[in-house]
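Have a look at the structure below, then the notes.
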Amino acid sequence: MIFHIENILSNNSIVLFIFFFLLSSGAMAEEKFTISGYIKDATTGEALVGTTIYVEELSGSAQTNIYGFYSLTLPTGKYTLAYRYVGFVSLIRKIDLIEDEQINIELSRGDVQLEEIIIKGTHEDENVASTEMSTDEMGINIIRKVPAFLGEVDVIKSIQLLPGVSTVGEGASGFNVRGGGVGQNLVLLDEASIYNPSHMLGFFSVFNPDAVKDIKLYKGSVPARYGGRIASILDVRLKDGNAKKFGVQGGVGTIFSRLAVEGPTIKNRGSFILAGRRSYIDVLAKPFFRDALANKKLNFYDLTFKTNYNFNQNNTIYLSGYLGRDKFQFANNKGFFWGNKTATVRWNHLFSNRLFSSFTTIFSDYDYSLFFGDSDIDKFEWKSRIRTVNFKPEFTYYINSSNKLTFGGDLIYYKFSPADAKGLSNGAYVNVSLEKINSLESALFIGNETKFNEAISAQYGLRISNFQYLGPANVYEWETTEPGKRKDLVSVSRAEKYESIASYTNLEPRISLKVQTMPSMSCNASYNRMSQYIHLISNTTASNPLDVWRPSTNNILPQTGDQYALGFFRNFGQNNKYEISIEGYYRNTKNQIEYIDGADLLINEFLEADLLSGKGRAMGLEFYLKKNTGKLNGWISYTIGKSELQVNGINSNNWYPTRFDQRHNLKLVGFYELNQRWTFSANFVFLSGTPTTFPTDRFTQQEYLILYDGYYSRNNVRIPNFHRLDVSATLHGKKYKKNGKLRKNSDYWVFGFYNVYARRNPFSIYFSQGTERQVTGQPIETFATQVAIIGTIVPAISYNFNF
């Protein structure tokens, strides 16, 4: 067994953590009582996440958690409580606090006037008052407004419009955050890991907007309850379903349709939501194909489900699940499929009015298959998957009105199946399958949010994680004879079932500090360390469904990242109409995965011999200007950044840019409310070209041209810049019938144009030689071909309804 404890924590960090904890958790002798309860939407019964409870006498406040629960512990006395949530009518409640009280609140939706259209989902000064930084939330109402490809609302494409978030091009799966790779983002759907969040090779995401309730992206300042990736956490939460009445919503679009049904299971006790989507581009195209292509499949579908039951004030059970599948079949015997399956069971229990808990069991499964062949005696099929089961208990203790303590654990069991690969070659059976891999990840965490005074607050915590690479497995020992080249095999041994082959332990401190210099301005600083024990193995320009996940082993070390950030936040204008933020970040990483030239990554028992390890660094500045209210609103974001790697044996041991490095990243997003029926939207994106490796030399061999890199460089040029303009118009149905009565149902049309000026944005560039026979003594003609995924304007129309 190999045991590692990474250079865990400096003495200064330990002292700082203990100091903050002791300073913030001291008890006071004054008699106090607790006000607690849940805050929900009066129309649907959905919990209102982030509702502010403002105590006027103390000029202090608290917020509800993701389940709508709040707890305030105050000295005996008379108080005025203001319950506030943007887009809802505020509620004032006066109380005489002489004992513990439970106050459940339902807030009504407000009639928002045209000139007060709001694109914020939190209260006015939340961005300034919050201790969190490097965190973005986007409401589903805003996501619905953003112009989208083929008119279909998409979560992943929408968050790519935020500062520090980018993509390597159209049709690329996933997203990149602050110079990190796609596989360095943890994507969660109701706490279940999604290992490939894309449909249709990256054009759409797996998240059905009709079922999504809340979206939060952590680019830094990550709470201790999260771990497992070094770049970002995308936490997507599902709706609970309408607990008041039954409802149906959906849409019919250019490429797929969707339908969602929700309602109460037992009134005021439980609710459910079931949402489904199915694309039909292959159905529409079928009349135009003949012979072998007539049986092709090109579609995806997904189902999202969630239900809950409230036994009493202290106990609620939630059950949610997701099932999605993509099918690319070009003929009866050629194609590939992939998809995700998840299930989440959660029990929320209130031990007391100050101790809230949740116990969650999660199942996640991602698999893909590739098959081809010319006949029944010549065919091949390859299947791969990653499956996880984890258990996560979490507790929140509301110490007092200025301190909230969170603690718990996380236990994840992984089962990797890199390749179940079998076939027939001229009738002879061939099996090149790889052995399944098992591993176990565990963690304990504790964190505290504390408010020292009106100006200074902090959020800090500590996570300790452990990873076990388990048998049964062959254990390989490699020797590096030449840096940057394939390693030589030294020995092979055998580990028994559940034997610990390698063990890694990391301490991950987190801290964020806010200094609010005035009610509408603050400065923040943060530091967090993250560890990542599983790795996405891919050396392509963009992630694709056939990429392989592998765990840390005795030869593949865990990735670690330390990120430092500073931020300035300011609101200004009447009623804080505008907000601006500037954030700078620096992240250094260790044990980054890289590949030798010509690495063999698929169905390779000796994959470890082709992998290299190095260090990385990413740095940048993010600028964000947002207009929150009015007929015309939106935001401008600009990021200047750099992401680099240094690997022994690559690029002459010099630093070089990562494949997803983008120096400039500019996004402009605007919404204009013409009247109560017409809304117009537009977004413009400019991204610097991503790096790629071009040959520097060439030679000929029997009239064939051989291109090669004579300097052994990596990512030595950049493809041309990416830019695109999208526009859309939304026509809302009439709110009133001809007799003047309010319609019970609502509907709207969306008309969109993607890539308005038909820009042929380059995705990649490759080289080839002419097909004509070459004249002896004449130079061989060569070509550089630029590949564009979308090179024309794409119109779209969709009809959406809700009743």
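List, please: which pairs have Cβ atoms under 6 Å, are six or more places apart or on different chains, and start with a residue in region 338-359 that is within 30 Å of SER173 (Cβ to Cβ) and end with one that is charged (D, E, K, R) and buried (at least 19 other Cβ atoms within 10 Å of the Cβ)?
TRP338/ASP326; LYS341/ASP365; THR344/ASP190; THR344/GLU191
Against the condition of a type outside the set (Ser, Thr, Tyr), assigned to a strand (DSSP E or B) and open to solvent by 60 Å² or more (accessible area, probe 1.4 Å), how does LEU707 come out, does it pass? Can you show your working first?
Details: of a type outside the set (Ser, Thr, Tyr): yes; assigned to a strand (DSSP E or B): yes; open to solvent by 60 Å² or more (accessible area, probe 1.4 Å): yes.
Yes.
Taking into account only those residues within region 350-388 that are open to solvent by less than 70 Å² (accessible area, probe 1.4 Å) and among the aliphatic types (A, V, I, L, M), which is modelled with the lowest pLDDT?
It comes out as LEU370.
Which residues, counting only those in region 244-268, are small (Gly, Ala, Ser) and open to solvent by 20 Å² or more (accessible area, probe 1.4 Å)?
Taking region 244-268 as the starting set, the residues that turn out to be small (Gly, Ala, Ser) are 247, 250-251, 253, 257, 260, 263.
SER257, the sole residue that qualifies.
Scan region 657-670 and give yes if some residue there is without any contact (Cβ under 8 Å) to a residue 60 or more places away in the chain, surrounded by fewer than 16 Cβ atoms within 10 Å (Cβ to Cβ) and part of a loop (DSSP other than H, G, I, E, B), otherwise no.
For region 657-670, residues without any contact (Cβ under 8 Å) to a residue 60 or more places away in the chain, surrounded by fewer than 16 Cβ atoms within 10 Å (Cβ to Cβ) and part of a loop (DSSP other than H, G, I, E, B): absent.
Look at region 77-88 and say how many of its residues are open to solvent by less than 90 Å² (accessible area, probe 1.4 Å), within 38 Å of the chain's Cα centre (by Cα) and under 20 Å from SER59 (Cα atoms).
Initially, region 77-88 is screened for residues open to solvent by less than 90 Å² (accessible area, probe 1.4 Å), giving 77, 79-83, 85-88.
Right, trim to within 38 Å of the chain's Cα centre (by Cα) and you get 81-83, 85-88.
Now drop any that are not under 20 Å from SER59 (Cα atoms), which leaves 81-83, 85-86.
Residues in region 77-88 being open to solvent by less than 90 Å² (accessible area, probe 1.4 Å), within 38 Å of the chain's Cα centre (by Cα) and under 20 Å from SER59 (Cα atoms): 5 in total.
Applying the selection to region 622-635, what residues are open to solvent by less than 20 Å² (accessible area, probe 1.4 Å) and either on the phi < 0 side of the Ramachandran plot or among the hydroxyl-bearing types (Ser, Thr, Tyr) (or both)? So that I can check it myself, show each step before the final result.
Step one: list which residues in region 622-635 are open to solvent by less than 20 Å² (accessible area, probe 1.4 Å), which gives 622, 628, 630, 633-635.
Once the filter is applied, which keeps residues that are open to solvent by less than 20 Å² (accessible area, probe 1.4 Å) and either on the phi < 0 side of the Ramachandran plot or among the hydroxyl-bearing types (Ser, Thr, Tyr) (or both), region 622-635 yields GLU622, ASN628, ASN633, TRP635.
Out of (1) surrounded by fewer than 22 Cβ atoms within 10 Å (Cβ to Cβ); (2) of a type outside the set (Ser, Thr, Tyr); (3) under 23 Å from PRO558 (Cα atoms), the odd one out for ASN453 is which?
Here ASN453 clears every test but (3).
Checking the conditions here, which among PHE680, PHE699, PHE767 is aromatic (Phe, Trp, Tyr), touching a residue at least 12 places away in the same chain (Cβ under 8 Å), part of a strand (DSSP E or B) and surrounded by fewer than 16 Cβ atoms within 10 Å (Cβ to Cβ)?
Values: PHE680 fails: surrounded by fewer than 16 Cβ atoms within 10 Å (Cβ to Cβ); PHE699 fails: touching a residue at least 12 places away in the same chain (Cβ under 8 Å).
Checking each option against the conditions leaves just PHE767.
Please find, within region 564-621, the residue that is surrounded by the most Cβ atoms within 10 Å (Cβ to Cβ) out of those that are among the acidic types (Asp, Glu), in contact with a Leu (Cβ under 9 Å, 6 or more places away or on another chain) and in contact (Cβ under 8 Å) with a residue 60 or more places away in the chain. Working first, answer last.
As a first pass, look at region 564-621 and keep what is among the acidic types (Asp, Glu): 579, 583, 594, 597, 600, 605, 608, 610.
Retained after the next criterion (residues that are in contact with a Leu (Cβ under 9 Å, 6 or more places away or on another chain)): 579, 583, 594, 600, 605, 610.
With the extra rule that they be in contact (Cβ under 8 Å) with a residue 60 or more places away in the chain, the set shrinks to 579, 583, 605, 610.
Values: GLU579: 23, GLU583: 25, GLU605: 14, ASP610: 19.
Within region 564-621, the match that is surrounded by the most Cβ atoms within 10 Å (Cβ to Cβ) is GLU583.
Considering only strands (runs of 3 or more DSSP E) fully contained in region 516-559, which possess at least 1 residues that are farther than 27 Å from ASP410 by Cα? Please lay out each step first, then the result.
On the way: elements: 521-532, 534-537, 548-551.
Per the criteria, 521-532.
Only one of these conditions is not met by ILE119: (1) open to solvent by less than 20 Å² (accessible area, probe 1.4 Å); (2) closer than 30 Å to ASN588 by Cα; (3) modelled with pLDDT under 85. Which number is it?
Going through the list (1) open to solvent by less than 20 Å² (accessible area, probe 1.4 Å); (2) closer than 30 Å to ASN588 by Cα; (3) modelled with pLDDT under 85, ILE119 breaks only (2).
Just to check your reading of the model, which residue among ALA211, ALA260, ALA224 is over 20 Å from GLN459 (Cβ atoms), among the small types (Gly, Ala, Ser) and touching a residue at least 60 places away in the same chain (Cβ under 8 Å)? Don't jump to the end; show me each part of the working.
Details: ALA260 fails: touching a residue at least 60 places away in the same chain (Cβ under 8 Å); ALA224 fails: over 20 Å from GLN459 (Cβ atoms).
Going through ALA211, ALA260, ALA224 in turn, just one is over 20 Å from GLN459 (Cβ atoms), among the small types (Gly, Ala, Ser) and touching a residue at least 60 places away in the same chain (Cβ under 8 Å): ALA211.
Scan region 318-334 and tell me whether some residue there is part of a strand (DSSP E or B), open to solvent by 10 Å² or more (accessible area, probe 1.4 Å), polar (S, T, N, Q) and free of Cβ contacts under 8 Å to residues at least 40 places away in the same chain.
yes
Whether any residue in region 505-525 is over 25 Å from the mean Cα position of the chain (by Cα), open to solvent by less than 10 Å² (accessible area, probe 1.4 Å), within 30 Å of ASN571 (Cα to Cα) and of a type outside the set (D, E, K, R) is what I want to check.
There is at least one residue in region 505-525 that is over 25 Å from the mean Cα position of the chain (by Cα), open to solvent by less than 10 Å² (accessible area, probe 1.4 Å), within 30 Å of ASN571 (Cα to Cα) and of a type outside the set (D, E, K, R).
Looking only at region 418-441, how many residues end up being in a strand (DSSP E or B), touching a strand residue (DSSP E or B) at 6+ places or on another chain (Cβ under 6 Å) and surrounded by fewer than 17 Cβ atoms within 10 Å (Cβ to Cβ)?
Total meeting the criteria: 4.
The values are calculated or read from the model by the stated rules, or taken from the named source; none is laboratory data. None of the values given here were measured: they were computed from a predicted structure. Glycine also receives a Cβ, built like all others from the backbone with ideal geometry; neighbour counts cover every protein chain displayed. Note: accessible area is taken over every heavy atom of the protein model, side chains too, but ligands, DNA and RNA are not part of it. Shrake-Rupley method; radii C 1.70, N 1.55, O 1.52, S 1.80 Å.
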